[in-house]
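What follows is a set of notes on a single structure, which appears directly below.
Please treat every number below as a calculation from the coordinates, not as lab data. Bear in mind that the values here come from a model prediction, so they are computed numbers and not experimental data. Note that we place each Cβ from the backbone using ideal geometry, even for glycine, and neighbour counts take in every protein chain shown.
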Amino acid sequence: MFGIKNRLKRWHDADLISDTQYQSILDYETSKQQGRFGRGLVAVSLFAIMVGVLSIIAANWSYIPGTVKIAVHFAMNAAAAFSVVRFHKLGNKVFAHEAALFIFFALNLTMIALIGQVFQIEGNLANACFLWMLISSPAIFFFGKTRITYVPWMLAFLGTIALGMEEYMRQFDDFWGFSFAYVVALFVPLGMISAGQFSYFKDHKPDFASMFVHAGVVLLTLVATAAAQMWYADWAKELPKMIKSAGGDPHKIGQIGVSYSSGYLVLFGVFASAMVCTALHAARHKFYTGSKDLQAGLTHVFVCIAFISAPILLPTGKASLLAMFSFIVYWLYMGWFGHRLGSTRIVSLAIAVLALRVFLIYIEAFGSLMSTGLGLIFGGVFMLTLIVAAKKVAGLITGDMGGHKS
C-alpha cells in the first residue's frame, strides 16, 4: 500500500489526477487489501492440515494396497475437477477456482507417478511429463483465468521441452543433435510469441496471450545472450568434425550422413526458415502498422535470430574479442529496445548487464593482478564506481524518456 500511496501522491501533486480520482483509486486499493491477513491465516492453516495428512499417509505408505492408493488418488482428482467446474459456474470465486485448477493440475502429475510406481511401468521422466501436459493442458486452456495457473503451466511446459531434449537428443549424432537444438532454440520462442497473437487467446484469455508473448520474448533474449558465448569455441574446426561424423546408421533419422555443403545448407535452412516464418507472420498482420510496440517487437525477433545464428553460420576460430563485442553490442541494442518501448526496466537491466560484462572483461584481462589483496580491493572499488555511474546514466536516460513522452 505504501508504494501505491506514494505514486498516487506524486501523480496528484503533478496534477495528473484530480482529488476525486486520487481518493477513488486509494479507496479501491484499500478495499483490495482488506481481509488479506485473514485469508493468509486460512491458507497457512490449510497448508498445515495438508502437511499433517501427507505425513500420516507417508508413515503408513508401505501398508496401503496399490489399488487403494490409486482409488483414493482418483477420488482426489475427481473432487478437484468437480471444484473447478463448480467454481467456474459460480464465476465470482476466482481465487478458489484458480486454486482448485492448480491442485487438479498438480494431482495429474502425481497420479501418473503413482500409477507408474504401483504397476512398475518402465518409462522416463520426459514421457511422464509429456503425458501430464497432454491430459492437463486442455483444462488449463479452457478453465484458466489468471497467472496463478498460467505461470505454473508455462514453467511445466518449458521444463517438459528441456526434459524431452535431454532424453531424445541421445538418439542423434553430434551434428543432428546440434541441428535439433538449433531448431528448438529458434522455433519454440517464435511459436510461443505467435501463439500469443492468436485472436482467440487475445479476446478470451488476454493474460494467457500476454504470458505467451512475454515468455517467448524473454526466452529468445536469453538464447541470443547465450549465443554470444559460442564465439569462444573453434567452430571452424568443430563444425566440419560434427558434419563429418554424421551418419552412423542411415536408417535412423538422427544418424543420416551428409556432406559439408549439405550440412551447412541444413543449418542455413533453419535460419532462413525462421526469418521467412517471422516475415510471413508480420505480413499477415500488415507488419503491425499502427503499433510501435509490436513493430519494435518484430525488430527484436529479427535481431535475436541474427545474433543466435551468426556464430553458427559464420564459423571462425576461437574469437574471444568477438564474443565480448557481440555480447556488448547485443545489450547496447537491448538498451535501445527498452528506450524505444519506453520500458525503464529493460533500460536499467541493459545498463546493469553491460556494467557487469565490462567488469568481467577487466577480470579476464587482469586476472593475475586480482590474485593479490590490492587487486581485489581495486576491483571492488572499480565495481562500485561502475554501479554508481550506471545509476546516473540510467537516471539521465529515463529522465530523457519521460521528457520525450511529455
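Things to note:
- Under 5 Å from the amide H of GLY196 lie the amide H atoms of VAL213, each residue being 5 or more positions distant or on a separate chain, with H modelled from the backbone and absent for Pro and chain starts.
- The stretch 65-171: relative contact order in percent, alpha carbon pairs under 8 Å with at least 6 residues between: 27 percent
- Extension reserve of the LEU16-VAL276 stretch, reckoned as 0.36 nm per residue once the Cα distance is removed: 89.1 nm
- With K and R counted +1 and D and E -1, the other residues having a Cβ less than 12 Å from that of ILE17 yield a net charge of 0.
- Distances between placed amide hydrogens fall under 5 Å for LYS93 paired with no residue 5 or more residues away or on another chain.
- The count of lysine pairs in the stretch 181-341 that are at least 8 places apart or cross chains, and whose C-alpha atoms lie under 22 Å apart, stands at 7.
- Based on alpha carbons, the Rg and Dmax found for the stretch 181-341 are 17.8, 53 Å.
- Counted by neighbouring Cβ atoms within 10 Å, the residues ILE346, ILE121 run from fewest to most as ILE121, ILE346.
- Using a Förster distance of 60 Å, the FRET efficiency for VAL358-ASP207 (Cβ separation, nearest 0.05): 0.95
- Averaging the sequence gap over all C-alpha pairs within less than 8 Å and six or more residues apart, then dividing by the number of residues, gives the stretch 275-351 a relative contact order of 24 percent.
- Inter-label distance, nm, simple model (7 Å from Cα along the C-beta direction), ILE57/ASN6: 4.4 nm
- For the stretch 298-311, 3J(HN,Hα) per residue [Karplus equation, 6.51 cos²θ - 1.76 cosθ + 1.60, θ = phi - 60°, Hz, x = Gly/Pro]: 4, 4, 4, 4, 4, 5, 4, 4, 5, 5, 5, 7, 4, x
- Order of PHE105, PHE119 under a 10 Å beta carbon neighbour criterion, fewest first: PHE119, PHE105
- Rounded FRET efficiency, nearest 0.05, which uses the C-beta distance separating THR67 from PHE47 and R0 of 35 Å: 0.75
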